[in-house]
Amino acid sequence: MLTKGNTMKKLLGATAVATFIGLAGLAQAADLKMSHVRPQGATIDVELKAFADNVKETTGGDVNIEIYAASALGDYTTVQERVSVGAIEMATQPAATGTDRRMQIATVPFLASNWEEARKIFGPGGVIHDTMAELYSKQDITMLAAYPVYFGGISLNRDAVAPGTTEAKGIKVRVPGIKSFQLTGEALGYIPAPIPFAEAFTAVQVGVVDGVIGSGAEGYYASFRDVTKTYIPANTHFEVWYMIISNEALANLDEDDQAALKKAAGEFEAARWVVAEEDQGKWEQRLTDELDAKVVSLTDEQLAAMATTVREAVWPELLKDVGQEWGQSILDKALN
């Protein structure tokens, strides 16, 4: 026979169980921070927000990705380190080479000459794609996708000097703190000055340097539009960013949510390869139409000569830095 007190205890117990179950369901939801380097409204910002919406929908709201633009969570080198230890869950950005110099293999200058070659080398199944995934894994990071951005060029806050040659130009340019870019700048006849990205605009603005190597038309429009008077589409390197997630954050998702996240990342990458080449041309045109910058035309012969000079001067030095045998094996696969 149930007394009033026993009935109350059972009701309270049932309420507690229901509350626990409800909280357990809520606990399965994951809020992930995603960092990237471009300003709000830039192409990558718009595309990542669409990706986040896709993930939220396909996981039934279990995975919520909040996008942090303009390196709000720190410089990309710092962010990669923080993703490695799980302090930041995700990022889509260039590879930082500070923790593993072999990651320079993704920025080898003049490795691809056109978009067809770039997709073969940097796209799914390509040797650089697979190599970078392996290198990230050694840092407790999972590479979810590669994001092709553009072929790189040179932005100057002045007129160009012999832009289609490799002769000395007496022009100092900012380069990322990555050996491949420093050596490339020298081989092309510029005076390279390694400066952090966060300080690069001011360095050009106040005349510490006269321009920038390390980005492409979209990047210069997004971050250097007020100091770009000349753009040289020299195809210096093929720029790829990587969508990464900490192994810890990925492991905290259930199997269905992991599968949905990886599927969305694959779709994100595939969609980008479709539009990237056309997108590059649009940004080069915007430099001319909106900023009145001069876009220098280079002939195929000039580009080929520049590529030959840089490969001969830079590649051997890079191989010394990343490991001769290991690096050469990657280049051999890329060029076959």
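The values are calculated or read from the model by the stated rules, or taken from the named source; none is laboratory data. In this text, all values refer to a predicted model and were calculated from it rather than measured experimentally. Positions of Cβ are backbone-derived with ideal geometry, glycine not excepted, and every protein chain shown enters the neighbour counts.
Odds and ends about this structure:
- Residues of the range 24-43 satisfying the condition of being at pLDDT 95 or above, of a type in the set (A, V, I, L, M) and within 22 Å of the chain's Cα centre (by Cα): Leu32, Met34
- Residues within the range 136-160 that are closer than 26 Å to Gly189 by Cβ, assigned to a strand (DSSP E or B) and aliphatic (A, V, I, L, M), tallied: 3
- Thr131 being touching a residue at least 60 places away in the same chain (Cβ under 8 Å) and more than 24 Å from Pro39 (Cβ to Cβ): yes
- Pairs where the first residue, in the range 238-249, is farther than 23 Å from Arg119 by Cα and the second is modelled with pLDDT under 95 and of a type in the set (Ser, Thr, Tyr), C-beta under 8 Å, 6+ apart: none
- For the range 1-23, the criterion of a residue being aliphatic (A, V, I, L, M) and either touching a Lys or Arg at 6+ places or on another chain (Cβ under 6 Å) or at pLDDT 95 or above (or both) is satisfied by no position.
- Test for Phe181: is it under 24 Å from the mean Cα position of the chain (by Cα), surrounded by 20 or more Cβ atoms within 10 Å (Cβ to Cβ) and at pLDDT 95 or above: no
- Just so you know, in the range 48-80 the residues that are among the acidic types (Asp, Glu) and either surrounded by fewer than 18 Cβ atoms within 10 Å (Cβ to Cβ) or modelled with pLDDT under 95 (or both) include one that is nearest to Pro196 (Cα to Cα), and it is Asp75.
- Which listed residue, of Ser246, Ser223, is at pLDDT below 95, crowded, with 17+ Cβ neighbours inside 10 Å and among the hydroxyl-bearing types (Ser, Thr, Tyr): Ser223
- Taking the range 177-241 and the helices (runs of 4 or more DSSP H) fully enclosed by it, the elements with 1 or more residues that are more than 24 Å from Pro39 (Cα to Cα) are at 179-187.
- Flag for Ala96 being within 23 Å of Gly177 (Cα to Cα), among the small types (Gly, Ala, Ser) and modelled with pLDDT under 95: yes
- Matching entry among Thr107, Thr92, Thr99 (being out of contact with any strand residue (DSSP E or B) (no Cβ under 9 Å at 6 or more places or on another chain) and either within 21 Å of Ala265 (Cα to Cα) or among the polar types (S, T, N, Q) (or both)): Thr99
- Pairs where the first residue, in the range 159-174, is surrounded by fewer than 14 Cβ atoms within 10 Å (Cβ to Cβ) and the second is in a strand (DSSP E or B) and not charged (D, E, K, R), C-beta under 7 Å, 6+ apart: Asp159/Thr230
- Candidates Ala133, Ala52, Ala106, Ala118: the one that is in contact with a Pro (Cβ under 7 Å, 6 or more places away or on another chain) and in a helix (DSSP H, G or I) is Ala118.
- Thr97 fulfils the conditions (1) outside any strand (DSSP E or B); (2) closer than 23 Å to Ala251 by Cβ except for a single criterion, (2).
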